[in-house]
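The values are calculated or read from the model by the stated rules, or taken from the named source; none is laboratory data. What you see is a predicted model; the values in this text were computed from it and never measured. Cβ placement follows ideal geometry from the backbone for every residue including glycine, while neighbour counts extend to all protein chains displayed.
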Amino acid sequence: MPTVLRRLRRDRHISQEALADILGCSQPAVVNWESGRHVPRNPRKRARLEALFGVPVEALFANDNGVPEDPAVTRNEEVHRVC
């Protein structure tokens, strides 16, 4: 499920590569954040994301329906579906 981060990044015409450069991380890290697989844990990166997009970091990692993504819950649900 795409996150709000993805929508806001696209609305501002910022590529994943450019966002990665701004934050000092890799483009695959941005892909993982946008897909909801991971969230940035580094406080500086989180603060820069909030400043760049003007919204709390928790809101950036909600899905487009406004529901916060929790990678641990998603993984657990996937494990239960397989088992």
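Residue-level check: of (1) of a type outside the set (A, V, I, L, M); (2) at pLDDT 85 or above; (3) more than 9 Å from the chain's Cα centre (by Cα), R81 misses just (2). Counting only residues that are under 11 Å from V57 (Cα atoms) and either assigned to a loop (DSSP other than H, G, I, E, B) or acidic (D, E) (or both), which one in the stretch 32-47 is farthest from the chain's Cα centre (by Cα)? Result: R41. For the stretch 8-31, the set of residues classified as within 18 Å of A59 (Cβ to Cβ) and either surrounded by 14 or more Cβ atoms within 10 Å (Cβ to Cβ) or among the β-branched types (V, I, T) (or both) consists of L8, R9, I14, L19, L23, V30, listed by residue number.
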